[in-house]
Every structure is written in C-alpha cells, then in structure tokens.
Amino acid sequence: MFEYAVVGSGVGGAASAALLNAKGKNVILFEKEPYLGGCSSTFTHRGYAYNTGATTLAGYQENFIVKEVFDTIGFTPELIETDPTIVVLQNGKVTPRYKDLNAFLELVQKNYPHTKNREFWELVYRINEDFYKRYGHFYSNRNFFKKLCSLASFIPLGVSFAPYLFQNAQSFIEKFFGVMDEEYRQFLESQVLIVAQAPLREINFLTAALSLGYTFNENHYVVGGMSHLFDTMTCGIKNLKRESEILSIKRDEKHFELQTKEGVFYAEKLILNSTVYESAKLFQNRDIQSYYNSYEHLNNYQSSFMLYMTIRSKKEFEHHYQIIQDERFTHTLSNALFVSFSDKKDKVLAPEGHYSITASIHTDLRWWQDKVLYKTQKKELQELLLDTIINHLGIEKDEIVQTFSATPRTFQRYINRSQLGGNAITMKNFLPKLPSNDTPIEGLYNVGDSVYAAQGWPGVMLGVKNLMRLLDV
Ligand SMILES: Cc1cc2nc3c(=O)[nH]c(=O)nc-3n(C[C@H](O)[C@H](O)[C@H](O)COP(=O)(O)OP(=O)(O)OC[C@H]3O[C@@H](n4cnc5c(N)ncnc54)[C@H](O)[C@@H]3O)c2cc1C
C-alpha cells in the first residue's frame with residue numbers, strides 16, 4: 001500500500017510526486033506514455049526529437065514559484081535564458097519582447113506609435129512585478145469553512161488589484177488608449193491569448209496585464225527538451241511507472257484501488273493529474289463521477305493544432321516567434337501562430353546544424369471529430385502553417401528534413417486529453433468556481449492546468465504549492 005499515488009506526470013503530477021518524495025513520503029507515480037511531461041514533454045518521431053507543446057520555462061527566477069518548487073525538490077535544471085522571450089512579426093513589423101522595459105518600449109513606439117504607450121506598458125510592468133511578490137494563496141472549495149478561508153487569503157490581493165480585477169480587459173484597454181488601430185489591438189490580443197487562453201473581451205485587466213507582462217520576467221529555454229527536465233526532477237522517485245496507464249479506479253472506505261495492465265495498486269491518497277474533463281470515466285464510484293461531471297460546464301473545448309519540423313540550416317533563429325496575420329487561419333481560433341526553435345547549441349533536441357521546431361495555434365477540438373473531413377482539414381492547415389513559417393522566417397524548402405502535424409485527436413490518443421490550456425481564466429470562471437486541489441471526497445486531490453491556479457508552468461506550480469499545503473506536507 002502506498003501513501004500517495006499520483007496519476008500523470010505532467011507539470012502538476014511530476015512536481016507533486018517529486019515534492020512528496022523529497023519529504024520522505026511513500027509515493028508512486030504513473031505515466032501512460034514513455035515520456036514524462038504531458039503537454040510539456042518531448043517525443044521522438046523518425047529519429048528526431050520535438051517538444052510536444054510547451055517550449056518556454058516561465059517562472060524560474062529568485063522569489064518565483066517555479067524556482068521555489070525546484071529548490072525544495074532539490075534540483076537545478078540546465079537552462080538558457082531567452083531574451084527576447086518572443087519576437088512578434090506582424091505586417092512586416094518586427095517587435096522583440098525584450099525583458100528590459102525601455103528597450104521594448106522603444107520598439108513598440110516605433111512599430112505601434114501611441115501617446116499612451118509608455119504609461120500603458122509601465123502599468124503592465126508594475127502589475128506584473130507586484131503580483132509575483134504575493135504568490136502562494138490558499139484555495140479550497142471543499143466546504144463552506146474552507147471557502148471562507150480562501151476568500152480571506154485573497155483579500156489582500158483583491159484590495160491591491162481591485163481596479164484591474166473587476167474591469168473587463170477589452171473595455172479597460174479601449175478606455176486607456178482612446179483611439180487605437182486594429183493592428184495594435186491584435187498585437188495585444190494575440191499575446192494575451194497564448195497565456196490567458198481567452199480573448200480580451202472575456203478576461204479582467206489583471207489577467208491581461210499578467211499575460212502581457214510575463215516577457216518582463218526571466219524566461220528560459222530548457223536544454224535537452226522539456227522531458228529531460230522532468231527526468232531530472234523525478235530521478236529520486238523509486239516507484240515511477242512509465243507506459244503504465246491507470247485504466248480504472250475504485251475508492252473503498254480506506255483506500256483507492258488503481259487498475260493497470262500490469263495489475264492492481266493500492267494507495268491511501270490519490271492525486272490526479274488528468275484534467276477534470278477526463279477524470280469521471282476513470283472511476284467506478286458514482287459520487288466521484290458526478291463530482292467530475294459537475295465541471296463539464298467549464299470545458300471551453302479549446303485545443304491546439306501543432307506543426308512539427310526539423311530543418312537543416314545555417315541561419316540564426318531566436319527561440320520563439322509569434323506570427324500575426326490580419327485574418328484568422330482556417331480551421332483555427334486565431335490570427336496568430338507561435339513558432340519555437342531549438343537552441344543551436346542543444347545537440348540533444350536536434351543534431352548539430354539542425355533545428356527542431358514546434359509550432360502551435362489555437363483550435364476548437366469539436367472541429368476535428370468528423371472522420372470524413374479530418375484528413376483534408378489536417379492537410380490544409382499543415383500546408384498553410386508550413387507556408388506561413390517558410391515565408392516569414394526565410395526557410396528554404398530544401399532545408400526541411402521532415403514535417404508533420406498533430407490535432408486535438410492526437411493529444412487525446414497520446415496524453416488522454418484534447419482540451420488544452422486548461423481553464424481559461426475568464427470573468428465567468430474566476431474563483432471560487434475554479435475546481436480546487438482538494439475535493440469533497442476524502443483522500444482525493446487534483447493538480448494540473450484544469451484546476452487551481454492556472455495553466456503554464458507558473459500557473460500549475462501555484463496549484464502544486466496549494467496542494468502541498470492542503471496535504472499538510
Ligand atoms: C501547444 C501548447 C503550448 C504551450 N506552451 C507553453 C509554454 O511555452 N510555457 C508554459 O509554461 N506553458 C505552456 N503550455 C501550457 C502547459 O504546457 C500546460 O499548462 C502544462 O504542461 C499542463 O500540465 P498538467 O500538470 O496539467 O499536465 P498535463 O500536461 O495534462 O499532463 C498530464 C499527464 O497525465 C498523463 N495521464 C493522463 N491520464 C492518465 C492515466 N489514466 N494514467 C496514467 N497517466 C495519465 C498524460 O499522459 C500526461 O502525461 C502550452 C500548452 C500547449 C498545449
């Protein structure tokens with residue numbers, strides 16, 4: 001019997017298991033795939049390696065949540081700082097998002113001139129700086145008393161950021177800038193979407209400011225691919241089971257019974273890293289099924305279409321680009337394509353002289369269900385994205401070694417989820433409606449981007465920290 005079973009080795013599952021292990025707890029970690037990391041993993045296809053989804057490690061710096069968790073686990077990842085964090089390409093304009101506010105401001109004023117630019121970006125910078133000084137809130141919606149405690153924990157944050165917390169981002173920005181051209185609005189909108197996973201009209205200005213401001217923090221490239229970081233993070237865990245999918249779970253009075261192809265495992269406490277949308281079907285207990293089904297209304301069906309490429313090229317590339325066009329890309333939810341390159345010196349992710357490329361764009365997972373249309377849509381979008389990358393980044397066709405794509409259905413097949421990006425932080429699903437890291441079911445916990453706090457490395461790690469507090473370890 002294990003004290004803790006963790007199902008899934010995404011950011012939330014792997015970090016929770018590694019923390020519990022570091023605290024001397026008897027823990028077992030199950031991962032369906034051979035690679036650790038879920039949306040933040042690395043896989044190999046026909047001899048070349050690719051980051052699956054996430055390509056930027058945000059939040060690894062002094063007094064930030066990701067570093068705090070890694071330090072507690074006791075490991076230091078091999079990283080390269082990325083500055084500019086992204087280079088935004090729009091209608092021939094090139095805007096690197098430098099960490100230094102003044103360096104960035106100079107370019108933004110050149111490319112998108114506006115009298116309010118300095119005031120706006122200084123505000124974004126300040127909000128971002130203040131917010132991260134205050135991380136580590138308590139959040140539980142398990143019962144009335146815990147909801148009250150959560151509310152109390154968020155009061156100081158609410159007071160400090162009240163003017164931005166209760167204002168819709170779109171109206172705030174419109175009022176702030178007065179007249180603003182569509183191209184600049186789109187520049188802001190596209191950057192917000194990749195972090196907040198929702199458009200400006202659906203979120204508050206605090207969320208928008210944090211999404212626009214993350215480039216002012218330290219951001220890192222992970223050497224050897226994201227999965228390599230997970231291998232290091234979890235190397236102390238004795239019971240780590242790869243290619244071991246949990247097929248069904250039964251809760252008895254005292255423990256959880258977890259069924260795999262290899263046999264049955266027992267644990268006193270269970271931490272699920274599967275999304276709240278995919279968890280009901282794992283359980284045999286009706287009450288647990290209804291608990292997870294009650295969150296289906298939060299499912300926004302948002303997902304990603306991915307294009308993976310290996311190129312052989314002597315050109316120099318930045319780590320990340322965002323290519324914004326005026327119209328939405330067909331079969332997608334966005335005007336913007338995010339393209340990440342491996343570092344030239346990273347021989348693990350790509351052989352010398354090569355680059356591994358991971359490109360992503362938002363789509364709706366329901367558009368990929370029709371078996372007849374699927375192949376045509378996939379081919380159309382793959383070709384369109386490929387042309388866009390070639391044209392904007394000056395890649396020659398004969399430099400391409402291989403290219404292929406993935407849809408929401410591919411994610412479902414490999415990591416058991418097609419809704420990606422977790423719960424968008426919108427005005428509608430703000431606290432306390434967000435599922436918490438504990439549940440009303442004794443011994444059952446959740447971690448990952450579909451529960452508190454948010455998506456991405458920093459968002460999920462805030463949930464890990466909260467979970468540890470709820471577990472009292
Ligand atoms: C395209 C894309 C790009 C992104 N880019 C960035 C970025 O650059 N920086 C950033 O910070 N964030 C980024 N994100 C967000 C970030 O990747 C996710 O928020 C984060 O990785 C989610 O972690 P998680 O803990 O929710 O676990 P998940 O990634 O959901 O992983 C869950 C794991 O559980 C496993 N699992 C599921 N069910 C079972 C089962 N029954 N048995 C065993 N194992 C199971 C899965 O195989 C998977 O490995 C990106 C996301 C996407 C989709």
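What value, in deg cm²/dmol to 500, does the helix sum -39500 (n - 2.57) over DSSP H runs of n ≥ 4 give at 222 nm once divided by the residues of the chain? Let's see the in-between values first.
Numbers: 13 runs with 166 residues, N = 473.
Dividing the helical sum by the residues of the chain leaves -11000 deg cm²/dmol.
What ratio of Cα Rg to 2.2 N^0.38 Å holds for region 302-415?
So the Cα radius of gyration is 1.08 times the expected 2.2 N^0.38 Å.
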- Task: Set the Förster distance to 56 Å, then compute FRET efficiency between residue 185 and residue 242 from the Cβ-Cβ distance, nearest 0.05.
- Result: 0.80
- Under the Karplus relation with 6.51, -1.76 and 1.60 and θ = phi - 60°, whole-Hz ³J(HN,Hα) for region 412-423, x at Gly and Pro, equal 4, 5, 8, 10, 6, 8, 10, 7, 10, x, x, 8
- Using the count of nearby Cβ atoms within 10 Å as a rough guide to exposure, how do 442, 62, 78 rank from fewest to most? 62, 442, 78
- Query: Going by how many other Cβ atoms sit within 10 Å of their own, how do 114, 228 line up, fewest first?
  - Reply: 114, 228
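State the extension gain, in nm to one decimal, for the chain segment bounded by residue 142 and residue 430, taking 0.36 nm per residue of separation less the distance between their alpha-carbons.
Extending this stretch completely gives an extra 102.1 nm.
At a temperature of 4 °C and a viscosity of 1.567 mPa s, determine how fast the chain diffuses translationally according to Stokes-Einstein, using the Kirkwood radius over alpha-carbon pairs as Rh; express D in µm²/s, rounded to the nearest whole number. Numbers along the way, then the final one.
Numbers: Rh = 22.8 Å.
Value of D from the Cα-based Kirkwood radius: 57 µm²/s.
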- Ordered by number, the GluC sites (Glu not before Pro) in region 276-328 that occupy a DSSP loop and have at most 11 other Cβ atoms within 10 Å are 316, 327
- Item | Test item: Cα-centred dipole of the chain, Lys/Arg +1 and Asp/Glu -1 on Cβ, debye | 860
- Message: Can you compute the label reach from residue 379? Point 7 Å from Cα along the Cβ direction, backbone N cut-off under 20 Å, restricted to region 407-443.
- Response: 407-410
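Among bridges DSSP assigns within the chain, what percent are antiparallel (round to 5)? Could the numbers behind the result be given before it?
Numbers: 49 of 69 bridges.
Of those bridges, close to 70 percent are antiparallel.
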- Query: Picking from 82, 1, 193, whose Cα lies most toward the positive end of the charge dipole for the chain (charges on Cβ: Lys, Arg +1; Asp, Glu -1)?
  - Reply: 1
- Note on the structure: Here region 212-219 yields Karplus 3J(HN,Hα) values (6.51, -1.76, 1.60; θ = phi - 60°; whole Hz; Gly and Pro given as x) of 7, x, 5, 6, 7, 8, 7, 10
- Task: Using Cα pairs closer than 8 Å and at least 6 residues apart in sequence, work out the relative contact order for the chain, in percent.
- Result: 23
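Show me 190-198, 450-458 ranked by packing, highest mean number of other Cβ atoms within 10 Å first. Could you put the intermediate results ahead of the total?
Details: 190-198: 23.7, 450-458: 25.7.
For the peptides 190-198, 450-458, the packing ranking is 450-458, 190-198.
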- Tabulate in residue order the Karplus-calculated ³J(HN,Hα) for region 233-246, using 6.51 cos²θ - 1.76 cosθ + 1.60 with θ = phi - 60°, rounded to whole Hz; enter x for Gly and Pro. 4, 9, 5, x, 7, 5, 9, 10, 10, 7, 6, 10, 7, 7
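Using 0.36 nm per residue, how much length does the chain from residue 79 to residue 397 gain when fully extended, once their Cα-Cα distance is taken away? Each step should come with its number before you reach the end.
On the way: separation 318, 0.36 × 318 = 114.48 nm, distance 3.08 nm.
The span from residue 79 to residue 397 would gain 111.4 nm if fully extended.
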- For the residues 434, 247, 349, what sequence is obtained by ranking on other C-beta atoms within 10 Å, fewest first? 247, 434, 349
- Query: Which value in nm describes the separation of the simple spin-label points at residue 297 and residue 473, placed 7 Å from the Cα toward the beta carbon?
  - Reply: 3.4
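Computed from the coordinates by the stated procedures, all read-outs in this text should not be read as laboratory data. Small disclaimer: the values here were computed from a predicted structure and weren't measured. We place every Cβ from the backbone using ideal geometry, glycine too, and count neighbours over all the protein chains shown.
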